[in-house]
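Just so it is clear, none of the values below were taken in a lab; they were calculated from the coordinates. It should be emphasised that the depicted structure is a prediction, and the values quoted were computed from it without experimental measurement. Backbone-built Cβ (ideal geometry, glycine too); neighbour counts: all protein chains shown.
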């Protein structure tokens, strides 16, 4: 099939970008979306033009590298699917497709469709872990975990850190991402000792990074390639409020000093 | 070159204990004075960087991805082995050791493998304490499954995303150390050379992938945890960015490369569908627990699978290997698929595929149970192929997946360059000529969490290290070499894209140095690779400049290294005239077509030494001694 692409081209973080139009001819429905872009890039290079820059790596929907707005929808039209797993059979011959980078203040554009998502790493740095040094753990079966809790923790832990939730949110909030980590660790007995501190520190960091607030549009869970539910945001809010009530706000100074 | 494995002797059960006692320690107050470079942030690199920082070392960690969480370990699906014997089904450290040595077709070092089996139990403890959400039984204890031909259930898993969850555990530990200031993280940064001073590894030269700036980083030791080189085949299950550049540049600076021809072709991947294809997707091997592999008995039978009656199907694995059936080892299963396709009985449009059928399992267990076990894999399959595996059998075909070969390391994981270590898939270590399922994650984490933290100090405390800085001529020379290579690639301005060369090399390697190899084919490849390489350097087109994010330039550098490594792989495959594990030489097979080892002549590690751009590599041999596991013909019949 033949398609017309309108792709965001931006040479560097400081230059202005704009949509450029390209024809993608003879696209096979069995191609993945990124393979379609590979073919477009091969032609651009052969014709002496600059290829379109986009992040990608595993191409099996787990590394979280890829992500773009496809006709205004994060990761495109197929539900629960990262861009790399989206196939061209989701489109029709003659379609026009607008391809843009994630748009959020906390995700500055680096080049074309590549954005800087290191803010998400810093949210994890603030407290998205269980403090345990290598070597000191007891036998794994000494910590029984109810299957339902383990399953719920896993549902939240499935997050691939792609940032689609932020891109889809009208407020550019990272609440789904942050809530997912808070829920993953907070469901498990191992996560309890640091639960209050974690919630406060991660939520504060999210604010510091310039992500917006959650007003429960629910766009994030629609865009999430791993179908993480906004229940994790409710959990995050509950943990945050409880932690503040218990005086965990005092942890903030400690965290800023340590980090 | 002298290969000293530094492998302890005596009873195998206490070798690691005794080694740990004999290793020298670094005074805790002195650790922070040592800067350690870790390249790669996957299971091996991430766990090493975090653990070394916990111990007090000053760590710099580098990865080419935008975040350390994206390393390709994340894509491992099935699970991680550990000799916990939680299922009371006969497992033990010794059995995991034995299975791994046997599964590796007796081409690994016994002492390393025993240590791997020993620390496997600590890995599970560590990961659970970190909050890795492993699958649980209703009673709250950990669940296990049997995996990839093992007769005991020793595999721990987190749905079909075990690699992801283990990596996130290591990543979170790493991020904590970054926040503490104990690790400085350099994402979107690629190592392009290793710097030796007085024969010791003292730093690396990197390129900042955003600005193009070439920078040097000095250190007291350098740890490479940069994964494997399956992408030499172009199409593989590896991430697109996975590359051999770090280990290859280290090889050219003096690190011996061991067993480069040992590659693992994974039996259960989604078949190739067209020329545009950019990667092959693995379907977890766990599917073979319930799926039955078959092809039509008749050549060229193009009927839809559900129209082929039972009597006209050949369940060839069950027929050939009655005791292991669909669970035969990876190399055996892959080769069997190639054989039936070569006979013209392959399925799908290209004829390069076999069926993996769940109809019986669904009848026996119900669709719901199958969905619980494999739901996410079935969905992934349907997304890619547009076929519903609950109704129509899956089509699968083998694909390059893992490389057992890698930099030669001693028992302490040090390469032949003092102060240079290799961890995880980047080294050759523990899997011999064939890796068992669910053992890659185990080895990556064993190396990073539980081996390097002990062995590194032994070197640092005795290395007699003098202060170095990046103004020293060795750094300047390496920076110049990097800049020169870059400007050469950009200056060719030829007609062909980097991908077109990579694809050409990949086809050649897959045909001649893939699932089956022979003398004539390898010689043909050795004739062609230099030609492709020559054309690459004369006719490649890399647009853009070196002072910006330039993904084409990154790729060009990696492919240029693959074009050199490919040759060494073929040299190694040609010299090893026996068959063993993933290395099947057609000239060396039993009367019924199984791999035939030649222990008399080949029970050694082939460690190749770089001898210069136009010189043949030098072969060094580390003899393998088997004191505990008796050498025998591997059989899955």
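Overview of values
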item: For region B:389-533, the fraction of alpha-carbon pairs in successive 5 Å shells from zero, as %; result: 2, 7, 10, 11, 12, 15, 15, 13, 9, 4, 1, 1, 0, 0
item: If the convex hull is drawn through the Cα atoms of region A:117-258, its volume per residue in Å³; result: 116 Å³
item: Of A:27, A:73, A:114, the one that fluctuates the most in a GNM where chain A has Cα springs shorter than 10 Å; result: A:27
item: The protein assembly as shown: antiparallel DSSP beta bridges as a percent of all, rounded to 5; result: 70 percent
item: GNM result for chain A, Cα springs below 10 Å: residue of A:63, A:159, A:220 fluctuating most strongly; result: A:63
item: Order of B:370, A:233 - criterion: other Cβ atoms within 10 Å of each residue's Cβ, fewest first; result: B:370, A:233
item: Gyration tensor verdict on region B:87-170 (Cα atoms; rounded if a/c is under 1.5, prolate if a/b is larger than b/c, oblate otherwise); result: prolate
item: Principal-axis tilt of helix A:175-187 within chain A, Cα atoms, nearest 10 degrees; result: 40 degrees
item: Efficiency of FRET from Cβ geometry, residue A:2 and residue B:9, R₀ 41 Å, rounded to 0.05; result: 0.05
item: Exercise: per-residue mean of other protein chain Cβ atoms within 10 Å, A:146-155; result: 5
item: Relative contact order [Cα under 8 Å, 6+ residues apart], chain B, whole percent; result: 20 percent
item: Cα shape, the protein assembly as shown, gyration tensor, a/c 1.5 rule; result: rounded
item: Cα→Cβ-extended label distance, 7 Å offset, between residue B:493 and residue B:619, nm; result: 4.6 nm
item: Ratio Rg/Rh, restricted to region A:3-111 and using Cα atoms, in which Rh is the Kirkwood radius; result: 0.94
item: Residue mean of other protein chain beta carbons inside 10 Å, A:80-88; result: 2
item: Calculated FRET efficiency for the pair residue B:462/residue B:386, C-beta based, R₀ 60 Å, to 0.05; result: 0.50
item: Ellipticity estimate at 222 nm from DSSP helix runs (n ≥ 4, -39,500 (n - 2.57)) divided over the protein assembly as shown, nearest 500; result: -11000 deg cm²/dmol
item: Least to most buried among B:60, A:18, B:6 (fewest other Cβ within 10 Å first); result: A:18, B:6, B:60
item: Shape category assigned to chain A from the gyration tensor of Cα positions, a/c cut at 1.5; result: prolate
item: Using alpha-carbon coordinates, inclination of helix A:231-245 to the longest axis of chain A, degrees; result: 40 degrees
item: Size-normalised alpha-carbon gyration radius of region A:108-162, reference 2.2 N^0.38 Å; result: 1.65
item: Packing-based exposure ordering (other Cβ within 10 Å, fewest first) of B:455, A:134; result: B:455, A:134
item: Two-site label geometry, residue A:90 and residue A:46: point separation in nm, points 7 Å out along Cα→Cβ; result: 2.7 nm
item: Principal axes of chain B: Cα extent on each, largest first, Å; result: 74, 60, 48
item: Zero-based 5 Å bins, Cα pair distances in region B:291-441, whole percents; result: 2, 8, 15, 16, 17, 14, 9, 7, 6, 4, 2, 1, 0
item: Residues in region B:522-551 that a label on residue A:12 would reach, taking backbone N under 20 Å of a point 7 Å out along Cα→Cβ; result: B:543-551
